[in-house]
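In what follows, a single structure is set out as structure tokens and then discussed.
The values are calculated or read from the model by the stated rules, or taken from the named source; none is laboratory data. What you see is a predicted model; the values in this text were computed from it and never measured. Here Cβ is always computed from backbone atoms with ideal geometry, including for glycine, and neighbour counts include all displayed protein chains. Heavy atoms of the whole protein, side chains included, go into the accessibility calculation; ligands, DNA and RNA do not. Shrake-Rupley method; radii C 1.70, N 1.55, O 1.52, S 1.80 Å.
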Amino acid sequence: MSFRKQKILLKSPDQVDKMEASAEVLASVFLQIRKLVCPGVTTGTIDEAIETLIRDAGCIPSFKGYHGFPGSACISVNEEVVHGIPGNRVLLEGDIVGIDAGVIKDGWHSDSAETLPVGSIDPETAKLLKTTEESLNLAIAAIEPGKRLSVIGAAVEDHAHANGYSVVETLVGHGIGRNLHEDPQVPNFRCYTMPDPVLEAGMVLAIEPMINSGTKRVITAKDEWTILTQDNRLSAHFEHTVAIMEDGVRVLTRRPSCIAGL
Ligand code: MG
Ligand code: MG
């Protein structure tokens with residue numbers, strides 16, 4: 001099978017350091033925003049706070065205006081998988097809210113997401129969040145220079161399926177650097193229709209499993225941005241920007257888990 005020729009832009013250790021500085025701003029924004037997520041707050045309020053925190057750090061929100069996206073963050077509630085537009089929607093007790101944001105610092109992008117409980121959530125929903133975060137951590141743990149990229153998708157798929165969930169296939173992770181989206185594409189499942197390059201030092205990847213309670217099928221909402229589960233069941237999303245180094249893997253957007261208490 002032949003594929004579109006990929007152009008993977010490897011980063012030097014100095015460039016990874018610059019990306020890490022961008023990622024540290026982003027991780028700090030997430031830590032500060034968690035306090036805001038509670039019943040009664042709107043997704044628009046969360047988005048405004050994210051934009052303010054990013055700009056106060058002297059950085060640019062990567063997503064603002066990207067292909068015309070109106071927000072600084074994608075904020076996706078319950079059955080919304082990703083790419084939710086922030087606005088008047090009020091978060092309710094028992095909801096889950098996926099927040100996905102990116103930072104540009106000195107020309108270098110970082111990208112991360114987490115799905116938070118709003119107030120207290122039921123145990124079934126908590127299990128979905130835990131499984132999705134675990135699948136991201138297992139994918140990161142599977143990375144080793146010399147192995148194929150597909151170890152990432154295999155790790156996510158196996159963990160999701162073992163817990164009775166499905167993996168979204170129409171959206172994937174990506175390389176990242178001076179651009180928000182670079183080669184390679186990083187599927188969260190065993191994919192036989194995309195290139196499967198060998199992992200090597202200098203690759204920086206945004207790994208972002210999207211796990212559904214029900215069907216893996218998704219649809220696009222009328223706003224032409226929001227991706228929803230076809231069966232209206234819940235979906236969760238976690239993402240880290242990760243650099244492969246000669247001596248191991250560096251999770252550039254690392255921070256304490258947002259669901260450690262669940
Ligand atoms: Mg993202
Ligand atoms: Mg991403």
Can you tell me how segment 13-251 classifies by the Cα gyration tensor, rounded, prolate or oblate, using a/c under 1.5 as the rounded cut? oblate
Mind grabbing the accessible area of THR241 for me, 1.4 Å probe, Å², rounded to tens? 0
Cβ-Cβ cut-off under 14 Å around PRO39, Lys and Arg +1, Asp and Glu -1: the net charge is 0
Under DSSP loop assignment and at most 12 Cβ neighbours within 10 Å, longest GluC sites (Glu not before Pro)-free interval of the chain: 94-223
Rounded to the nearest 10 Å², the accessible area of SER135 using a 1.4 Å probe with every protein chain kept is 0
Using a probe of 1.4 angstrom, how much of the accessible area of segment 13-251 is carbon and sulfur, in percent? 50
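Loop-only check: which trypsin sites (Lys or Arg not before Pro) in segment 219-257 are DSSP coil with at most 11 other Cβ within 10 angstrom? Let's see the in-between values first.
Values: sites: LYS222, ARG233, ARG250, ARG254; in loops: LYS222, ARG233, ARG254.
The qualifying sites are LYS222.
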If the limit is 27 Å between Cα atoms, which of LYS7/LYS147; LYS11/LYS216; LYS7/LYS105 go over it? LYS11/LYS216
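Between exposed chymotrypsin sites (Phe, Trp or Tyr not before Pro) in the chain, where DSSP calls loop and at most 15 other Cβ atoms lie within 10 Å, what's the longest gap? Numbers along the way, then the final one.
Details: sites that count: PHE3, TYR192.
Counting at most 15 other Cβ atoms within 10 Å as exposed, the longest clean stretch of the chain is 4-191.
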Among SER28, SER76, SER62, determine the one that fluctuates most according to a GNM of the chain built with springs between C-alpha atoms less than 10 Å apart. SER28
